[in-house]
1. Which pairs turn up if I take residues in the stretch 133-147 that are exposed (fewer than 12 other Cβ atoms within 10 Å of the Cβ) and look for partners that are assigned to a strand (DSSP E or B) with beta carbon separation below 9 Å, at least 6 apart in sequence or on another chain?
2. Look at G154 and say whether it is more than 16 Å from the ligand (Cβ to nearest atom), closer than 18 Å to T99 by Cα and either acidic (D, E) or buried (at least 17 other Cβ atoms within 10 Å of the Cβ) (or both).
3. Give the number of residues within the stretch 160-199 that are among the hydroxyl-bearing types (S, T, Y), more than 16 Å from the ligand (Cβ to nearest atom) and under 27 Å from E58 (Cα atoms).
4. Looking for something within 23 Å of the chain's Cα centre (by Cα) and either closer than 30 Å to Y38 by Cα or of a type outside the set (K, R) (or both) - is there at least one such residue anywhere in the stretch 319-337?
5. Checking the conditions here, which among I182, I198 is assigned to a strand (DSSP E or B) and either under 20 Å from D253 (Cα atoms) or over 23 Å from the mean Cα position of the chain (by Cα) (or both)?
6. Away from the ligand (no atom under 15 Å from the Cβ), among the hydroxyl-bearing types (S, T, Y), buried (at least 18 other Cβ atoms within 10 Å of the Cβ) and without any contact (Cβ under 8 Å) to a residue 40 or more places away in the chain: is that true of Y202 in this structure?
7. Quick one: would you say D80 is at pLDDT 90 or above and surrounded by fewer than 19 Cβ atoms within 10 Å (Cβ to Cβ)?
8. Tell me the residue from I176, I118, I163 that is aliphatic (A, V, I, L, M) and surrounded by 14 or more Cβ atoms within 10 Å (Cβ to Cβ), please.
Amino acid sequence: MWSCITDFFTYETTKSVVVKSWTIGIINRVVQLLIIAYFIGWVFVHEKAYQVRDTAVESSVMTKVKGFGIYNNRVMDVADYVTPTQGASVFCIITKLITTENQVQGFCPESEPKYHCINDNNCTKYLNKPGGYGIPTGKCVRFNDTMKTCQIQGWCPAEIDYIKTEPMKEVENFTIFIKNSIRFPLFDYTKGNFLPTINKSYISSCNFDMVHHKYCPIFRVGDVIQYAQQDFMKLAHKGGVIGIKIAWMCDLDRGDEHCSPSYSFTRLDAMSQNNSISPGYNFRFAKYYKMDNGTDYRTLVKAFAIRFDVLVNGNAGKFNMIPTLINMVAAFTSVGVGTVLCDIILLNFLKGADQYKAKKFEEVSDTEIDSHINGLYRSQLSLRHDEKQSTDSFSFGHFG
Ligand SMILES: *[C@@H]1O[C@H](CO)[C@@H](O)[C@H](O)[C@H]1NC(C)=O
């Protein structure tokens, strides 16, 4: 019983072999130096492993578009060309409209040439299928002097969406004002994109610019599209989606002024720009009216629009003891990894590798142990145990 206790309260430490060789000595120190440099330079300084990070940024975005355009001899203001009107982080600026006025419920010919027909027999194939602009009736009726098309029941007359119209060029000079407020919940840190350096007179005159006005929250549409490497006229014709990204990379150890937004711009629907089946972005909406006799009529609008998505992401870091300790322990442990490499070189490739092996691994055979008396037997056994472990070291084919 007592011997069990004394056995338990012991300390074991590894026996080391010191190799006095320039080659392996230099390799060892260089490897250690590289590992230390990696941890200090990359892990601690660059990646800031001593900080806890909060990536779950909470954010609110408010937008406001300004500018007047002229379209079809009418002046268009914000209420005409921005939809939805709430000023959220996703909004559309309409650049081109195809309007079909005074539509009422009734029967009329399809407007698209693919519904061209000679007699009713050409139209029966469309029955029970959705038509272009309404439910097909199976009849062939006169569309204009030169063409007959299949008849539909629905809102009439049907929209003619292949007419060519020019987009509203003034959109290029419209401005988007973005108000963004963020919070890092882990540190309870709040900030907005109106930095303390921005005052009222600056905001009334500035325009965002990547170099000189990189914190100005007012963006000219033409600039945004240019920063996203798009051609304004092409985009205005077909429609598209532009992303305005606001990134908050904050080092909260370094004071408030080191937490600033950085803006970047991309086209989000990049896939549709080289796609001939469904290029661009458009949608339809209608305005409804009532005639004196109570029947409804409407104006149908097919709108081509540039949609802007304001995307906010963020990442804040602040010094914390736990990641610092964990990463320091990892660094110290990793310095030991150098030994692995040095052992491989020492025991296999260096001149005199066999002598090093003999020093590193002491061989004890069974017959030797048997010949010893009990007292010594135990110490030999533990030696044998150590030796077994040491075969796990990196000597190829020595014991195997
Ligand atoms: C946009 O504004 C500039 C400068 O104010 C002006 O020269 C240009 O003609 C405007 N562009 C359009 C399409 O109105």
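1. Final answer for the pair search is R142/P109; R142/K148; R142/T149; N144/P109.
2. yes
3. Residues that pass the stated criteria total 4.
4. no
5. That would be I182, the only listed residue that is assigned to a strand (DSSP E or B) and either under 20 Å from D253 (Cα atoms) or over 23 Å from the mean Cα position of the chain (by Cα) (or both).
6. No, not satisfied.
7. Yes: the conditions hold for D80.
8. I176
The values are calculated or read from the model by the stated rules, or taken from the named source; none is laboratory data. Note that the coordinates shown come from a computational prediction; the quantities given were computed from them, not determined experimentally. Positions of Cβ are backbone-derived with ideal geometry, glycine not excepted, and every protein chain shown enters the neighbour counts.
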